[in-house]
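Written out below as structure tokens is the structure these notes cover.
Each value in this text was obtained by applying a stated rule to the coordinates, not by laboratory testing. Nothing here was measured: the structure is a model prediction, and the numbers come from that model. FYI the Cβ positions are ideal-geometry reconstructions off the backbone, even for glycines, and counts take in every protein chain you see.
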Amino acid sequence: MGEIVAICVSERKGTPKKPVNAALLVENHGVEHDAHAGGWHRQVSLIALERIEEFRRRGATAPFGCFGENLVVRGIDFPSLPLGTCFTCGEALLELTQIGKECHTRCQIFYTVGECIMPTQGVFARVLRGGRIGVGDILSIADAGRNEG
């Protein structure tokens, strides 16, 4: 079980995401009003707060949203979970679809710390059932290893 500590959205791709207090997860789409939402497997991006804090301790300035993450969650080690793991948050249901993402550019985080967080710590999910979520809400692991086509 984890706690959502930040929800971030961006209106355009290629721009940092900005924190918001609440958002609507739209079934088969992603976070409403986020540029990366759509009909694909990377509708929502998630990172553990603990990984961001590790980067900060190493000297990185890492405000929420700077890695392109939609959700920052305290208490869940996302990369250790199998693909297909499902999460609930209120009425919403997410399914883990990808672990990591290639960092195509040498971002400021890379130059400060020597590596980027997304290739190993960022994960992606698709929205199986929509619902409103907010900062402080609980994100629970619903079904580890679910395999749904």
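General remarks:
- Summarising the amide proton neighbourhood of ALA142: residues at separation of 5 or more, or on other chains, whose placed amide H is nearer than 5 Å comprise CYS86, PHE87, THR88.
- Qualifying chymotrypsin sites (Phe, Trp or Tyr not before Pro) in segment 6-73, where qualification requires a DSSP coil assignment and no more than 14 other C-beta atoms within 10 Å, comprise TRP40.
- Estimated from helical segments only, the mean residue ellipticity of the chain at 222 nm is -3000 deg cm²/dmol, where each DSSP H run of four or more residues counts as -39500 (n - 2.57).
- From the coordinates of this entry, mean projected area of the Cα convex hull in nm² is computed, and it appears in (i) 9.2; (ii) 7.8; (iii) 11.7 under the label (ii).
- Backbone geometry of segment 10-16 corresponds, through the Karplus equation with coefficients 6.51, -1.76 and 1.60 at θ = phi - 60°, to 3J(HN,Hα) couplings of 9, 7, 10, 5, x, 10, x Hz, x marking Gly and Pro.
- Amide H contacts under 5 Å for ALA6: VAL72, restricted to partners 5 or more places along the chain or on a different chain, H placed in the peptide plane at 1.01 Å from N.
- Note, ³J(HN,Hα) from phi for segment 55-63, Karplus 6.51, -1.76, 1.60, rounded to Hz, x at Gly and Pro: 4, 4, 5, 8, x, 7, 8, 9, x
- Selected from ARG42, ARG56, ARG74 as most flexible by GNM, with the chain as the system and alpha-carbon contacts under 10 Å: ARG56
- Taking the DSSP beta bridges with both ends in the chain, the antiparallel portion is around 90 percent.
- Counting neighbouring beta carbons within 10 Å and listing from fewest to most, the residues ILE4, ILE133 come out as ILE4, ILE133.
- Rel. contact order, % - alpha carbon contacts under 8 angstrom, at least six apart, the chain: 33 percent
- Candidates GLY14, GLY68, GLY84, ranked by Gaussian network fluctuation over the chain, Cα under 10 Å, top entry: GLY14
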